Every structure is written in structure tokens, then in C-alpha cells.
Amino acid sequence: MSSGDLPATINSGKNEFLRHIVLGAAALAMIYPLLWMFLSSFKPDELIFSDPTSLPTSFGLDNYYKGWTALRESFTTFYLNSFIVSVLAVIGNLLACSLTAFAFARLEFWGRKFWFAMMMGTLMLPYHVTLVPQYVLFLKFGWVNSFLPLIVPKFLAVDAFFIFLMVQFFRGIPREIDEAAIMDGCGPWRIYWKIMLPLSTPVLATAAIFSFIWTYDDFLGPLIYLNDIKTYTVPLALRAFVDSSGGESLYGALFAMSALSLVPVFIVFLAFQRLIIRGVALGALKR
Amino acid sequence: MTFKLNRRGFGRLAGSTAVAGLLAATGSAARAAASLRLIWWGNPERDKRTIAVVDLYKKASGDEVGAESYAWGDYWAKLATQAAGQNLPDVIQMDYRYIFEYARRNQLAALDGFIGKELNLGDFDPNQLDSGKVDGKTYGISLGANSMSHVFNKTLLDGLGVKLPDSSKWTTAEWVALGKDLKGKLPAGIFFSENMGLLEPRLQTWVRSLGRDLYTADGKIGYELGDLVSFFEFWKMMQDEGLTPPADVQAQDSGKMEESMMVTKRAAFNFLHSNQLVAMQKLVESEVDVVMIPGNGDKAGQYLKPSMFMSIAETSADKASAARLLNFFATDESANDILLIERGVTGDASIRDRILPKLNPTEQKIINYLNLVSTRVSPLPPPPPKNAGEIDKALRPAWESVAFGRAKLEDAAKTYYDNAVAILARA
Amino acid sequence: MTDSVAISGRQDVLPVVSNGGFRREIRRSLPGYLFLLPWLTGFFVLTLGPTLASLYLSFTDYDLLSPPRWAGLKNFEYAFTQDMRLRSAVSVTFNYVLWSVPLKLAVALGLAMVLDRSVRGVGFYRAIFYLPSLLGASVAISVLWRQIFGAEGLVNKLLYLTTGLQGPSWVSHPDYALWTLIALAVWQFGSPMIIFLAGLRQIPQDLYEAASMDGASGWRQFWKITLPLLAPVIFFNLVFQTIEAFKAFTQAFIISGGEGWPIDSTLFYSLYLYIEAFANFRMGYASALAWLLLIIIAAFTAIAFATSKYWVYYEDESR
């Protein structure tokens, strides 16, 4: 990661060194648990619990092979499902939330404040409230056991967090730009599509990354709506690994697959993290 | 109730079940292929076996079968949601506790009309069949029997020269004496036993041994407050004497086998349902063996219970086809060659005889254990009333408040007992 | 053409041709509603409908398996007068919110400030710090946590090495179990950290430079420059994290055996709601609980917004 976007700071060498000590210690504490999981993924099952702090004796990929095919379908299927759902959710969220946010940030209409309050109110809903009525609804639509209940709501902008984030960002874009466009005869659609969206890459990227990560990690939705194991997403498959009612447990394989499941989100995060920071930046501070 | 693994009519039936099973599976040639859904809870091992059987069935019958599998913790939320949407799978793996909830709320189909036709249960142990009855009608076919048990670290006790007496007769006093004798001899950090004060099944054997039960036939609490107090006193004594681990160590076991005191090398004795022995042996390096639970009274505390059922949804569009699939699991030879006793020991005598030689030594121990239990069992308890599950789960916090010294023992027992009565009264 | 859209401006700088109030109002509002169409559809069909359905259910006995039966105020009455377990749940949840949110924000802000200044390897540290937040809720996390905070876990090993004391099993002791969940929440501080980082970037560097010239200590700079200028970001994080903490479910669900063990010490409100709905088949009562939670959260948010004008200053006050 380059440091080119950082503000110039007056840094004495000593301070710099101290900071690295603090950061290094914090970083170690942060990732120790993950390191443990990663190392455990190379150990045979018996050793994971009986001797939890030992280092693995070899770095064979047995647990990875075993884990990939431990369930009836291989993880190829689960990853594919997860990607389909996550990518479509990202597209849905970006389109629907930005449309909504544009209306709240830039358009004048009757009841704007009221709808905005309603939108913010949905943030507070505990999701178990709507679980059963929503299930019944999707069942009536004939959507259960498909990805539709996981995707369609995103195209209808149910994630108020992203709307809020975008509203804040849009408000930060100087009004002079769209006022000039109106003078040139641009309608709201063109302003949204040709001016706002191109200027909003950071917040769009932020929303994209968060919605990718959250959809990818979501467990309750897939649990409720997916029936057939062929349609399982990665977190649902991971849950199937261990069961307390007895039977063989595959902890080594579980850790192997859990470690692996982190890779896609981590890559996405690494690739776009600089955009995230700018995406949040302008909005929240409103300058 | 008997559980004799005799070779009753083995020769006569060996061939006929297979034929009957296949006939039942395929039905009449003209039948259109059905599309069914099957749901169960389990683990990767069970999933593999179950799906192999499903594949076998698909080939034999031409029916399409969708397979849905969940971990126990997720299963009941999933099933309840599906039930709320009138969208239950056709064939459902059921637990002894929930079968009453689901049957009495008209979610399950009565199977009596299929028995003798699609369901070919001629060789089935009548007692096991009865265990699937709710209010006189059959709502589930038992997939196997098991019983509660104590398991112990045989390698460890053998090393100390300990020989256990005939467990079908031993008493808690003998068991405690053994514990006190072993206390100084066990390696550091290993206690005599896990603490079972939080386990409802253990409480059940306790009160049954006194001639009572958890619930009466009309759905009231079946034991007295004094029984619970004596139960708590016993396990508090075990904890105070250092025969069981301290409360916080014991509480690390959240019910997962991997966290049990036996597997984490903290105790020589552990409570277990007998069908889980195979799984536990896989997690423990030492040899594990299984014995009956010592009695605190003069009655038999244990019983043979169905480990799980298969039921059919009332909303199933094709119950006859669903029954054929169920029958395949319960009675087909090739299917049970794959399933073996992973779900428990089957109630079908001929199947049992057939799979017996295929079992490994640990699985044989289970069979031998159930034979032993069948010499000293009392009948299946009356069905648990509505909300029994909630009362079961409340026992653990009640016991823990005693174990952690948060409440006086008598108070904790009384609070739990009154709470149980209140829960039963509440809809 | 120029009046086909009225863009909200600080003042109405745009000419609007007026011909009749109502028709003008429709013409003015139409584009806004067109843009809102997807959201409105989702709001009515997927959120409001099910929410009202659950409001209805909160006045019924509904066991999921048979149709709901009207029960009047019974559920609410039970919640307020008899349900002892609900009281545990409320107190556990308040404890969790009051501790986890400030701690998480403090750690997030602290590290964000160090990160903001450090020049080399920022991206690396940032990624490392964010990693735990990517993990979501999984079986692996639950195993991990029980290992770290168990009797022979990492924490006790460190404690023994440094002090010679033998710690309890934190994760299964009623006095400490909730703290292990608070630790988990703090561990996953990535999202507020990122937002703080973004906020810090917006503070003009020359303010600090000027303060340094005047001899202000780092501590003073923090109080006089960083905190006030960061107030809107802190407010944003505070509100969102508080709402999330009230709704917290998965942490307790996966780590504490799904039952709030030991002795209800980790019985989060949402977890209790879930248990009542799906384990005890009381969807009607659970719906009532959900509505009570909604009211609690709304009250807290309202308080946050009401007090915000005393401590949050926006440079641009237009809203």
C-alpha cells in the first residue's frame, strides 16, 4: 500500500519507531486467534484440542483436501453460490440505494423528511421481527429454495445503512455542479447518471465492499431460504461441519475451510481498502 | 420390553425383505415418478451415508429426492419456519421430544394406513414401533434404539488395576466409593467423573430409580421437589469432594462432544447416549467402554429409547411415495448396509442380524450394551408434555446457580420446580 | 424545461413556474417519487408489511405450527409483570451495550489515530486490524473463543506466565462470560476504525501545526482539535454501533451454546427472542418482545439525536 495519499506529517524517527511498536503489538494480538485457526488447520483432529498451543509438525494439505470434499457437494459449488449471491447483491444495492439516496439528497418532493425518517427507522428493526412474515411472503411468491429472497430485497434497497452512507456522500458534492447541469437542460436522471455516479466512486466502492462482505458472511438468510444442499452458500456449509448431537467431527477440516473462506473477502478488502476510506470520508464529516 | 438380538427367522427372512423392500420401493410399474423432499439433522458422516441411500433409492424407484441437511442447532428453527409456511419436506427426521409437538399440531401424517402396505414393518420390534405413537396413532418410525449410559476411560482404569462390577446392579454408593478410592490415583487434572447435575436425562434416571418419572401420563411433573433436592445434593457433594471438576471447568462443556470432560481429558467417567459411543471413541485416544448408570433407588432407572424417527408431513402431496422412501430407510437391506447403526440400532430384527457381522468393535460394544440394558429396563416413559423442551433447558442454569454458589441449593431447586410447573401451565 | 425539476438548494435559486398549487406540487414531487420507487416498493412489501404482521402477531398466541389466536394484551402483560428471564435478558443487553460500544469506539479511535500518523506500512496494519471484522459469525470463531478464554486457554497461560496466578475458565464463568463477548465485539472494531480514519483525514493538518507552534501538547491537541472536529464521525459511529449492539445475536448464539449460558449471563435480548420464537414455539410472544426492543432502540436513538446538538457541530448546518 503506498503512502502517497497520506498527509505530510512531522515525524521524528523516535515517534515513528514507537508507533510501530504499538501497532505491531496490537496487530499481533489481533491476528493471534486467526493464526491459531490457520495453524490448527494443518493439524490432525486429535491434536487440535488436546494440545492446542503446539505448532503443526507439517504443513500437509490433508485437512484442505478433506474439507473441500467433506460434504456431499464440494466447496466449488458453495463458493460459486456465494459468489452469485454476493455479486448480485452488490449490483442490487448499488443501483437501488444510490437511486434512493439521490432522491433524498438532491430532489425536492412532498413528504421527503417523512420518508427519510421512515428509512432511518428501518435501521432499528430487529430482523427476527420480520423473519416469519417475510418467509411466508416469499413462499407465496414461490421463491423459497432459490436465491431470489436473498437478492431481490437488495434491488429494493432494504439496506438503509448504504442509503444513509450515500446520502451523506452526495450531500458533500458541491451543488454548483448540478445547478450548472440544470442550466444546461439536464433532467434529474442525467444528473444522477452522468454527474453524481461518476463523482461518487469512493462511496459506491465502499457500499460495494461492505455489501459483498456482509452478504458473503450472512448465515441466517441462507439458512431460512435455501433447502437443497446444492444451493448452500459457504457459511451454511461451514455450519454443517460440526454437530453436537454426535458423529464424526472434522475440526481440522473445519478450520481449513474457515481459513479458506476468509480469502475472498480479504482479497476484496485489500484491493479496495483505499477507496473505502475516501468513500466514508466526505459524507460523514459533511464538508 | 426386550431387546434380544436373536437370530429369529433369519434364514426365512433373509431373502424376502430385500424383495419386499424393492417392491415397496418401486411400487407398481405404472406409477409416475414422484418428487420428494427429505430433511434430517446430522453431521458429515451421516450426510454421506444418508445421501448414498437416497441415490440408491432414486435409482430403484425413479423418484426424485431432494436432500436437506442441517446441524441440530439450526434444524428446529428451519423446520418451524417451514411448518409456519406449510412447506415442510415430505419425509422428516424427528426427535422423540418434538414428535409430540408436531403431531399434536397436525403437522405430521398418521402412518397407520400405510403400515402393511408401503411400510413393511413385519420384522420390527413392536416396542420400537410403539415409541412412535402419539395419542394412539403412529406418527414416526423409529430409526434406532439407544439408551443413556456412563462411558469410562478403560485404558486409564485398566492401568490402575480397576475392575468394574456388573453395572446392571451397581449403586451410586458403590460408584462414589470407587471415585473416592481413585481420587488420589488418577493423574493430575483428571477428575473421577464429569458433573451430571445439569443433565435432564440423568435426573430422569435418578427419579425413575425412585419409582417416579419426569412427567406423569397426564402431563404433570412426575417427581417431587425432594427428589430434585437429593439429586442436586448428590452432585454438589461430588463437586465439593473433588470427584467432579469445579463449576467453571464443567461449564466449558456446552453440550458438544468435543468439549465434554471425557474428550478434554478432565474426567474418567462421562454421561453419553449409547449411539454416540462411536463418535466419542473417535475423539479419544484411550479405549472408551460403556456401562449402565448406577442406581440410587431400587427401581430400574434406564429405558430403551428411540434415538430418532422418520415422519411424513401432513402437507405432503404424495404421502404414499413418501412412505415408500421411509420404508426404504427403515427396512431395506442394501440401504441399511450403508446406514449400519449410525442412527441407532434398528428395530428390524432381520436387518439387525444382517448388519451385525459388519460392525467394528466399538459398534459391537453398543450392541452388547443394549443387550445388557434390556435385562434391566423399565418401560418407555409417557410422552413429554408441551413445553417439556423449555423445562429441560432450564435445568442447566438452575444447577449452575447451585454449582457456582449463586443460590442456596434448596432455593434453586424450588425455583426450578415452581418454574417447571408454571411453564407447563403456560401455553 | 427549466422547471421540470426543482433541485433542492440552500435557497430556492431556481425559477419555478407556478400554475395551481396541487398540479405544481405533483410535478415538483414526481421525479423524487420515481427515484424512490424501488425503495418504496421494498419498504411497503418487505419491511412495513411484515412489520405490521408481526405487530398483529404480538397480540396473539402463535406457535408457528397452528394458526394464531387473538390474545389481547396478554403477551405484553406477561413481559412486564411475570417474565423473570426477560429481566435477565434486558440487564445483560444493557451491560453489553454500555461496555462494548464505548470500548470498541475507543480502541477503534486510538488505533485510527496511530495509523493516521504513521507513514510506513499503514495499508498493512489497516488490513491486519480489519481482518477479524471480516470473519463474521462462524463455527470457527466459537471454537476459537472457547479456546482462548477456556481454563487452559491462551489468556490463562499468559496470566500464569506474567503473574503466576491461575485464572478461571472465563468463557464459562457467569461473572466473566459476558466479558468474553464484549472482547469479541471490541476485537471486531474494523468498521468504526475505517470510518474514524476517514474522518481524521478530513482534519486540516495546519491546525495541528499551528497548535504545535503554540506549544500545545499532543494530549491538548487531541482534546481541542481532534475530538471536536471528529464529533460528527463519533456520533455516526456511536449511533450505528449502539443500534447494532442492541440487536446483537450471533455472538451469543454461536459462543454460549445458543442458550445464554452460563446461568443466563450471556442471554442477549435478541437471543432470548429467538429462543422464545423458534425453540419454545411462542412466535406471538416473541413478536411482542421484538416490538419492545424496537421501542427501546428508538428511545436510545432519539436521546442520542436530541443531545447531539450540544456536542456535535457540523460545519455545514444545512440538513
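The values are calculated or read from the model by the stated rules, or taken from the named source; none is laboratory data. For clarity, every value in this text was computed on a predicted model and none was experimentally measured. Note that each Cβ is placed from the backbone with ideal geometry, even for glycine, and that neighbours are counted across all protein chains shown. Ligands, DNA and RNA are excluded from the accessible area calculation, which covers all protein heavy atoms including side chains. Shrake-Rupley method; radii C 1.70, N 1.55, O 1.52, S 1.80 Å.
Given N residues in the range C:75-311, what is its alpha carbon radius of gyration divided by 2.2 N^0.38 Å?
Compactness ratio reported: 1.18.
Just counting partner chain Cβ atoms within 10 Å, what average do the residues of peptide C:293-306 show around their Cβ? Working shown, then result.
Details: counts 5, 5, 1, 1, 5, 2, 0, 1, 4, 0, 0, 0, 1, 0.
Mean partner-chain Cβ count within 10 Å for C:293-306: 2.
Once you've got the GNM for chain A with C-alpha springs shorter than 10 Å, pick whichever of A:Thr57, A:Thr69, A:Thr206 has the biggest mean-square fluctuation.
Of the options given, A:Thr57 has the highest mean-square fluctuation.
For the range B:263-278 and the range B:34-62, what is the separation of their C-alpha centers, rounded to whole Å?
When both Cα centres are located, 29 Å separates them.
Within a 10 angstrom radius of each residue's Cβ in A:267-273, how many Cβ atoms of other chains show up on average? Whole number is fine.
If you average over the peptide's residues, the count of other-chain Cβ atoms is 3.
Mind checking which of C:Pro38, C:Pro262, C:Pro102 has the largest fluctuation in a GNM of chain C, springs on alpha carbons under 10 Å?
C:Pro38
To the nearest 0.05, what FRET efficiency results for C:Arg87 and C:Leu55 with a Förster distance of 25 Å applied to their C-beta separation?
The calculated FRET efficiency here is 0.60.
Among residues other than A:Arg190 whose Cβ falls under 13 Å from its Cβ, what is the net charge (Lys/Arg +1, Asp/Glu -1)?
After counting each charged neighbour, the total is 0.
Is any helix in chain B, taking whole DSSP H runs, at least 20 angstrom long along its axis by alpha carbon and on average at least -1.0 on the Kyte-Doolittle scale, and which ones?
B:10-26, B:44-61, B:225-240, B:388-403, B:409-425
Per q in 0.13 1/Å, what log10 I(q)/I(0) does a Debye calculation on the alpha-carbon atoms of chain B return?
Reported log10 I(q)/I(0), two decimals: -1.18.
Of the cross-linked pairs B:Lys78/B:Lys319; B:Lys133/B:Lys414; B:Lys386/B:Lys414, which ones have a Cα-Cα span greater than 29 Å in the structure shown?
B:Lys133/B:Lys414
If packing is taken as the average count of other Cβ atoms within 10 Å, what order do B:63-71, A:265-273 fall into, highest mean first?
On the way: B:63-71: 20.9, A:265-273: 16.9.
Output ranking for B:63-71, A:265-273: B:63-71, A:265-273.
Using a 10 Å cut-off around each Cβ of peptide A:27-33, what is the average number of partner chain Cβ atoms that fall inside?
6
Which FRET efficiency value, to the nearest 0.05, is calculated for B:Lys183 and A:Tyr32 with the Förster distance at 45 angstrom and r the Cβ-Cβ distance?
Plugging the Cβ-Cβ distance into 1/(1 + (r/R0)^6) gives 0.75.
Under a Cβ-only charge scheme (Lys and Arg +1, Asp and Glu -1), can you give me the dipole magnitude of the protein assembly as shown about the Cα centre, in debye to the nearest 20? Can you show the working numbers first?
Details: 92 positive and 90 negative charges, 269 e Å.
That gives the protein assembly as shown a dipole magnitude of about 1300 debye.
For a quick size check, give me the Cα extents of the protein assembly as shown along its three principal axes, largest first, whole Å.
97, 74, 58
Return the percentage of antiparallel bridges among DSSP beta bridges fully within the protein assembly as shown, rounded to the nearest 5 %.
Values: 27 of 40 bridges.
So the antiparallel bridges amount to about 70 percent of the total.
Give, rounded to the nearest 20 debye, the magnitude of the charge dipole that the range B:145-292 has about its Cα centre when Lys and Arg contribute +1 at Cβ and Asp and Glu contribute -1 at Cβ.
Working: 15 positive and 20 negative charges, 44 e Å.
Dipole about the Cα centre, nearest 20: 200 debye.
I need the shape label for the range B:301-370. Rule: rounded when a/c is under 1.5, else prolate if a/b > b/c, else oblate, with a, b, c from the alpha carbon gyration tensor.
Oblate shape, in that a/c is at least 1.5 and b/c is the bigger or equal ratio.
Place a +1 charge on the Cβ of each Lys and Arg in chain C and a -1 charge on the Cβ of each Asp and Glu, then give the dipole magnitude about the Cα centre in debye, rounded to the nearest 20.
Its charge dipole is roughly 320 debye.
Using a 7 Å offset from the Cα along the Cα-to-Cβ direction at both C:Thr162 and A:Lys194, what is the distance between the two label points in nm, to one decimal?
Each label point is offset 7 Å from its Cα along the Cβ direction, giving 6.2 nm.
Using only the Cα atoms of chain A, each taken as one equal point scatterer with no solvent, compute I(q) by the Debye sum, divide by I(0), and report log10 of the ratio at q = 0.11, 0.14, 0.16 Å⁻¹.
So the normalised log intensities work out to -0.86, -1.15, -1.28.
How much solvent-accessible surface does A:His20 expose, in Å² to the nearest 10, with a 1.4 Å probe and all protein chains in place?
50
Taking only protein heavy atoms and a 1.4 Å probe, what accessible area per residue, in Å², does chain C have with all protein chains in place?
43
Could you calculate the FRET efficiency of C:Ile295 with A:Phe114 from 1/(1 + (r/R0)^6), where r is the beta carbon distance between them and R0 is 22 Å, rounded to 0.05?
Plugging the Cβ-Cβ distance into 1/(1 + (r/R0)^6) gives 0.65.
Can you give the accessible area buried between chains C and A, summed over both chains, with a 1.4 Å probe, in Å² to the nearest 100?
Roughly 9900 Å² of accessible surface disappears when C and A pair.
If each residue of separation counts as 0.36 nm, what is the full-extension length gain between B:Lys117 and B:Leu164 once their alpha-carbon separation is subtracted?
Going from the current span to full extension adds 12.1 nm.
Kindly express, to the nearest 10 degrees and within the range 0 to 90, the angle between helix A:75-106's C-alpha long axis and the longest C-alpha principal axis of chain A.
20
So for each of B:35-47, C:267-279 I average, over its residues, the number of other beta carbons within 10 Å; can you give me the resulting order with the highest mean first? List each step's numbers first, then the result.
Values: B:35-47: 22.2, C:267-279: 24.5.
Result, highest mean Cβ count within 10 Å first: C:267-279, B:35-47.
Which of the peptides C:231-238, C:44-51 is most tightly packed, and how do the rest follow, judged by the mean count of other Cβ atoms within 10 Å per residue?
The packing order, highest mean first, is C:231-238, C:44-51.
Given a cut-off of 21 Å, name the pairs among A:Lys66/B:Lys282; B:Lys393/C:Lys104; A:Lys43/B:Lys358 whose C-alpha atoms lie farther apart than that in the structure shown.
Where the Cα-Cα span goes over 21 Å, the pairs concerned are B:Lys393/C:Lys104; A:Lys43/B:Lys358.
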